[in-house]
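Asker: I have a structure here, written as structure tokens, and I will follow up with some questions on it.
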Amino acid sequence: MNTKNIFQKIIKKKISAEIIYQDKKITAFNDISPRAPIHIIIIPNNFIKNINYIDKKNLNILSYMMYKSIKIAKNKKIHKSGYRIVINCNKNGGQTIPYLHIHLLGGKKLQNF
Ligand code: AMP
């Protein structure tokens with residue numbers, strides 16, 4: 001299975017994942033290898049390879065992903081203690097899955113960088 005397909009299969013529920021939210025536009029699920037007590041991945045249901053492929057035409061989906069990430073942070077009650085939203089891009093950015101995704105991390109004091 002190629003790595004892009006992992007996230008596509010999660011959306012279609014062809015491989016199991018702890019999906020915590022899904023609607024017509026996005027899917028959010030727990031990271032399989034969490035780096036924090038809360039570590040959720042938020043992806044668009046329609047494939048976008050990485051943030052370089054955001055342009056004027058599809059900008060709405062990125063703001064929607066951000067909006068839903070904030071909603072999830074509030075639902076998980078980490079909005080007051082704080083959290084981090086990360087988007088890795090390509091090799092130097094540490095992107096291992098070539099499918100645009102937001103990492104929502106919280107539930108502990110994260111290391112500064
Ligand atoms: P990145 O390194 O930014 O591309 O992030 C990819 C993330 O996807 C990593 O944090 C992985 O732990 C996570 N991941 C990979 N496969 C799965 C899976 N099957 N279910 C949930 N999370 C996954």
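Asker: At q = 0.14, 0.19, 0.21 Å⁻¹, what is the log10 ratio I(q)/I(0) for the chain, with the Debye formula run over Cα points and no solvent?
Answerer: -0.55, -1.03, -1.26
Asker: Let me ask you something else. Quick one: net charge around Pro98, please, counting Lys, Arg +1 and Asp, Glu -1 for every other residue with C-beta under 11 Å from its C-beta.
Answerer: +3
Asker: If you don't mind, another one. Say the cut-off is 26 Å between C-alpha atoms; which of Lys56/Lys77; Lys14/Lys49; Lys77/Lys109; Lys49/Lys80; Lys49/Lys108 go over it? Walk me through the numbers before you get to the answer.
Answerer: On the way: Lys56/Lys77 33 Å; Lys14/Lys49 20 Å; Lys77/Lys109 14 Å; Lys49/Lys80 32 Å; Lys49/Lys108 30 Å.
Beyond 26 Å between Cα atoms: Lys56/Lys77; Lys49/Lys80; Lys49/Lys108.
Asker: Mind pulling the angle between the C-alpha long axis of helix 59-75 and the longest principal axis of the chain? Nearest 10 degrees, somewhere in 0 to 90.
Answerer: The helix 59-75 is inclined about 30 degrees to the chain.
Asker: Here is a follow-up. Would you please state which residues of the stretch 2-29 a label at Thr96 would reach in this model, taking the label point 7 Å out along Cα→Cβ and a backbone N cut-off of under 18 Å?
Answerer: Counting only backbone N, you get 2-10, 16-18, 29.
None of the figures in this text is laboratory data; all of them are computed from the coordinates on show. Just so we're clear, the structure is a prediction, and the values are computed from it rather than from any experiment. Note that each Cβ is placed from the backbone with ideal geometry, even for glycine, and that neighbours are counted across all protein chains shown.
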